[in-house]
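What follows is one structure encoded as structure tokens, with my remarks underneath.
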Amino acid sequence: MSGALTYDAGVNPYVPHLAVITHVMRETGANDVKTFRVEFRDPSAWERFRYMPGQFAEVSVFGVGEAPISITSSPTQRGYLEFSVKRMGQVTTALHYSPEGSVIGVRGPYGNTFPVADMQGKNLVFIGGGIGLAPLRSLINYVLSEEHRAEFGRVRIIYGARSSGDLVFKPELERWGERADIDQVVTIDRPEPAWTGRVGFVPAVLKEVAPRPEGAVVVTCGPPVMIKFVLSVLTELGFAPEQVVTTLEMRMKCGIGKCGRCNIGSKYVCRDGPVFTHRQLLDMPQEY
Ligand SMILES: Cc1cc2nc3c(=O)[nH]c(=O)nc-3n(C[C@H](O)[C@H](O)[C@H](O)COP(=O)(O)OP(=O)(O)OC[C@H]3O[C@@H](n4cnc5c(N)ncnc54)[C@H](O)[C@@H]3O)c2cc1C
Ligand code: FES
């Protein structure tokens, strides 16, 4: 999990690549999350944009500003990037109003990556809540790709959202649910008339499913309250803090370890993270 920056020396790191929105997918019933597929206007930009699951980019809407957004596509899906964006404030709202064909800015990739090499040969447990599935999706599709599937053991996915309308990536959840090499549980917080899946909060479902810690790595992302209870259930189930990986969302500005906006103690989340093990979190000041 190195925090090495990947922009070319001599190239101004604050100048974004121009990218065209080629496809917009509405994810949620409330239309507050959309997935944007983008392609670089200059194909040579790919040479400088080699990323791995867990990394993020600073995505800009010209005249409005920029925001750090996880790359939700997998590097095995070549020729485009995808970002799933929840409408929160200025930049994310402007993105939501950017139709196909719009040009946006993308600089990165930034941050460290999920520890893919350390996960080889292990069973993988993915635990996501709401739009927290976005960074996990990059790694899930990497692991499931033909090139890499044999490098990893069984895959278990536990994913939940407040309601069925808040579940993201529904077509993919269906495809993953049909695969024989994946055990998937999708849950919503409260019962709904047409819902036939699991009902209950993610930590409670995790406790019922009770994955075994031997030879496993957990990757989790979701709202802070979900992460807090998930970490405590994982400890009860016997997972060591070194076996659990999560990704943090701090406020950011530069994204490259220069401005000090995102620090927790001596760590810059943009450069030393956003991926941290539970062990690392326990050793950090509880400011996140
Ligand atoms: C590494 C990283 C990866 C991220 N990945 C994604 C992603 O894949 N999809 C996604 O939708 N969002 C993601 N975010 C969060 C996203 O960056 C913020 O929601 C976004 O910056 C808000 O920008 P805005 O201009 O729309 O909102 P603003 O106008 O800046 O703020 C709107 C509201 O959101 C609050 N806010 C802004 N930024 C944050 C933050 N980082 N954490 C908590 N509250 C915040 C503000 O206080 C305000 O209440 C990520 C953040 C980080 C650091
Ligand atoms: S966002 Fe500037 S140091 Fe991390």
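For the stretch 86-210, the solvent-accessible area with a 1.4 angstrom probe is 44 square angstrom per residue. Here the Karplus relation 6.51 cos²θ - 1.76 cosθ + 1.60, evaluated at θ = phi - 60°, turns the backbone of the stretch 259-274 into coupling constants of 8, x, 5, 10, 6, 10, x, 8, 9, 9, 4, 5, 10, 7, x, x Hz, with x for every Gly and Pro.
How much of the DSSP beta bridge set in the chain is antiparallel, as a percent to the nearest 5? Just about 55 percent of them are antiparallel.
Using θ = phi - 60° in the Karplus curve 6.51 cos²θ - 1.76 cosθ + 1.60, the 3J(HN,Hα) couplings for the stretch 179-185 round to 7, 6, 9, 10, 9, 10, 10 Hz; x is entered for Gly and Pro. Close amide H partners of T28, meaning residues 5 or more places away or on another chain with modelled amide H under 5 Å apart, are V33. A cut-off under 14 angstrom between Cβ atoms defines the neighbours of R78, and their net charge, with Lys, Arg +1 and Asp, Glu -1, is -3.
Phi-derived couplings, Karplus 6.51 cos²θ - 1.76 cosθ + 1.60 at θ = phi - 60°, listed residue by residue for the stretch 63-70: x, 10, x, 9, 9, x, 9, 5 Hz, with x used for Gly and Pro. Annotation: amide H-H contacts under 5 Å for I264 (H modelled 1.01 Å from N, sequence separation of 5 or more, or interchain): V269.
Under the simplified labelling scheme, the A117-Y14 pair shows an inter-label distance of 3.4 nm, with each label point 7 Å from Cα along Cα→Cβ.
What residue among S73, S60, S266 shows peak mean-square fluctuation when the chain is described by a Gaussian network model with Cα springs under 10 Å? The residue with the greatest mean-square fluctuation here is S266.
Annotation: amide H of S163 within the under-5 Å range of D189, sequence separation 5 or more or interchain, hydrogens built in the peptide plane.
Seen through its C-alpha gyration tensor, with square-root eigenvalues sorted a ≥ b ≥ c, the stretch 186-288 comes out oblate because a/c lies at 1.5 or above while a/b is not bigger than b/c.
Compared with the alpha-carbon gap, the fully stretched path from R50 to A180 is longer by 43.7 nm at 0.36 nm per residue.
Shown is the FRET efficiency for R154 and H23, computed with R0 = 30 Å from the Cβ-Cβ distance and rounded to the nearest 0.05: 0.40. Subtracting the Cα-Cα distance of R279 and S232 from their residue separation scaled by 0.36 nm leaves 15.6 nm. Total lysine pairs in the chain at Cα distances under 26 Å, for residues eight or more apart or on different chains: 15.
Per residue, the Cα convex hull of the stretch 24-74 amounts to 112 Å³. For H17, the solvent-accessible surface computed with a 1.4 Å probe is close to 30 Å², ligands and nucleic acids excluded. From the Kirkwood radius over Cα pairs of the chain, Stokes-Einstein at 20 °C and 1.002 mPa s returns a whole-number translational diffusion coefficient of 111 µm²/s. Sequence-distant contacts, meaning Cα pairs under 8 Å at least 6 residues apart, place the relative contact order of the chain at 19 percent.
Placing +1 on the Cβ of each Lys and Arg and -1 on the Cβ of each Asp and Glu in the chain, which of S138, V233, C270 has its Cα farthest towards the positive end of the resulting dipole? The one lying farthest along the dipole's positive direction is C270. Each part reduced to its alpha carbon centroid, the stretch 59-90 and the stretch 246-270 end up 18 Å apart.
The values are calculated or read from the model by the stated rules, or taken from the named source; none is laboratory data. Just so it is clear, the model here is predicted, and its values are computed rather than measured. Don't worry about glycine lacking a Cβ; one is built from the backbone with ideal geometry, like all the others, and counts go over all protein chains shown. Protein only, heavy atoms only, side chains kept; ligands, DNA and RNA dropped before computing areas. Shrake-Rupley method; radii C 1.70, N 1.55, O 1.52, S 1.80 Å.
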